[in-house]
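The values are calculated or read from the model by the stated rules, or taken from the named source; none is laboratory data. Remember, predicted model here, so these are calculated numbers, not experimental data. Cβ atoms come from the backbone with ideal geometry, glycine included; neighbour counts cover every protein chain shown.
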């Protein structure tokens, strides 16, 4: 009898709640019982509340159990989970779980399904179809297919990727670079991490396609140091790809590790950092597309942007553009986080409303209390009140509602949240992470914290609220990049939508 | 005292950069990997190595110091035996990370961000570990922890101080 294949995720989130112990326990228990099992450490399916999610390969497809603790293993064996039989932790066929079934996965299609570091698995599940096809196309055809797909930068700015590629393709340079921005620092986001841990070859393939499209022979992946699992995964995948000659002198990649600076997620700071400098923002122009890394024409894109390229080239830009709404084409891997019952990765076409995502898919809060505020787009994103939850998740619709989609992170807060504290935190975070180049950001953020503290202490409240608003205007208009320029979003949205938290009600109630 | 080791690490990092980008690549491009290698080797950026780093990369000491002071990861002082990085960003806030920070301060006299190197454990703040669905999250040395609670914190502190 051949060994039963069992999948236990190696994804950092799964490991953080005991996946390694579960895998070890399954191995030990199988040995004790004299049963043959093969454990595959897959990526995460993205149903985080079910982690560690254990799957067993059966004739009908993978059968899921979760959340599994090491202590559950002996009862799982007793219940014959190796045959896919029933157990209190049974979830049935994985593909039938509604959270997964209703998604439109283009980028995340292999994640959780394959062994992330197996090239054979990657090929068997459609990997390299894009790169193989790109090799038969002229560079201009690759670029125009990306343009036709409508793909926009998934890092947050939403700039059309094809236009960026076209600019670099037509720029002159002895050397050109592809740089992947994997400095995923926004709270509430983890899609880049899941790609790097769950399907690293897809990112390598996407970068190789970009290299062919613009004539670049070298690429860097800049990964934040807070992601040790993703760093290891990408380094191993690159070594495997080199041995298999997927990467060679015609296009090669290297990993650069960040050093704990949020600002290095801003593209020009990131380039400075790779060059061995302080991660200070550069003024644009010149655009990185003209003068980027080491002064050479550079494509710099987020992980999800580059990871979308293989599907687009394999299936055609037109097929990708069929998903989505308005000027937001394709799919977005949304990340549902914070105080939500069913947190996870949900990839779907643009156009779902926040309400559908949070309630229909996310099941409301984990605490069971009412949803009071939802922050979309990381620490520089606006806080949405209940009344705005019908806003669609699309670049323009979010903008129209006074927010931004950013990198697609959605953080849910229940009614215990104090929005004045959240506004203060936004200013505090900006003060910690400001690169210092622009005065409104460097000094304004600290003044913002002080002024909000005065409001909290009920010192000249109305005057100080006006001062905070004035400060926000200066930061918005007087900062080069999004850190100083968008910190006002969470602050002003808190003031506008939750004014009661800035009134002296808390002390009055306490007295 | 550490000069030979620094020169060895610098040659390695510069050689790796030039092998990847070609002989014309500016040596300064190796600065971050070099500082990371030094911190890995010695546990911190030993101040008396800065002059050697500057010499090896042909940049000024001011540039090296500027980089060291800019990035939160680099330390100019010895670290504790263990480090706990507690996530203080929004998603973990929504799941109670601030209560955990207060618990560390009140119960264990470990105020995040104010660690002393002579203690077994220093607690630092971190802003997002990418575990935002399973918060509160923390990184204990190289181990990522999800759904952190006071009990688990107490066990970590007790273990680290042994």
*Would it be correct to say that residue B:95 is out of contact with any helix residue (DSSP H, G or I) (no Cβ under 9 Å at 6 or more places or on another chain) and within 7 Å of chain A (Cβ to nearest Cβ)?*
yes
*Quick check: is even one residue across the range A:340-348 more than 13 Å from chain B (Cβ to nearest Cβ), closer than 15 Å to residue A:407 by Cα and either touching a helix residue (DSSP H, G or I) at 6+ places or on another chain (Cβ under 6 Å) or not in a helix (DSSP H, G or I) (or both)?*
yes
*Residue check, residue A:254 against (1) part of a helix (DSSP H, G or I); (2) in contact with a strand residue (DSSP E or B) (Cβ under 8 Å, 6 or more places away or on another chain), all met but one. Which one?*
(1)
*Run down B:124, B:77, B:63, B:119 and say which single residue is assigned to a helix (DSSP H, G or I) and either within 14 Å of chain A (Cβ to nearest Cβ) or farther than 19 Å from residue A:425 by Cβ (or both).*
B:63
*Return a yes/no flag: does the range B:71-83 have any residue that is crowded, with 23+ Cβ neighbours inside 10 Å and touching a strand residue (DSSP E or B) at 6+ places or on another chain (Cβ under 9 Å).*
no
*asked:* Take residue A:329 and tell me if it is closer than 20 Å to residue A:302 by Cβ and surrounded by 18 or more Cβ atoms within 10 Å (Cβ to Cβ).
replied: yes
*Test result for residue A:261, at the interface with another protein chain (Cβ under 7 Å from one of its Cβ atoms) and under 30 Å from residue A:436 (Cβ atoms)*: yes
*Some residue of the range A:312-335 being away from every other protein chain (no Cβ under 11 Å), assigned to a loop (DSSP other than H, G, I, E, B), free of Cβ contacts under 8 Å to residues at least 40 places away in the same chain and more than 30 Å from residue A:374 (Cα to Cα)*: no
*Restricting attention to the range B:104-116, which residues are buried (at least 16 other Cβ atoms within 10 Å of the Cβ) and either at pLDDT 90 or above or not in a loop (DSSP other than H, G, I, E, B) (or both)?*
B:104, B:108, B:110, B:112
*asked:* For the range A:187-210, give me each residue that is more than 14 Å from chain B (Cβ to nearest Cβ) and either surrounded by fewer than 24 Cβ atoms within 10 Å (Cβ to Cβ) or part of a helix (DSSP H, G or I) (or both).
replied: A:200, A:201, A:202, A:203, A:204, A:205, A:206, A:207, A:208, A:209, A:210
*Are there any helices (runs of 4 or more DSSP H) wholly within the range A:1-90 with 3 or more residues that are within 14 Å of chain B (Cβ to nearest Cβ), and if so which?*
A:12-16, A:19-33
*Number of the exception - residue A:285 against (1) surrounded by fewer than 23 Cβ atoms within 10 Å (Cβ to Cβ); (2) within 25 Å of residue A:487 (Cα to Cα); (3) without any contact (Cβ under 8 Å) to a residue 60 or more places away in the chain; (4) within 14 Å of another protein chain (Cβ to nearest Cβ)*: (4)
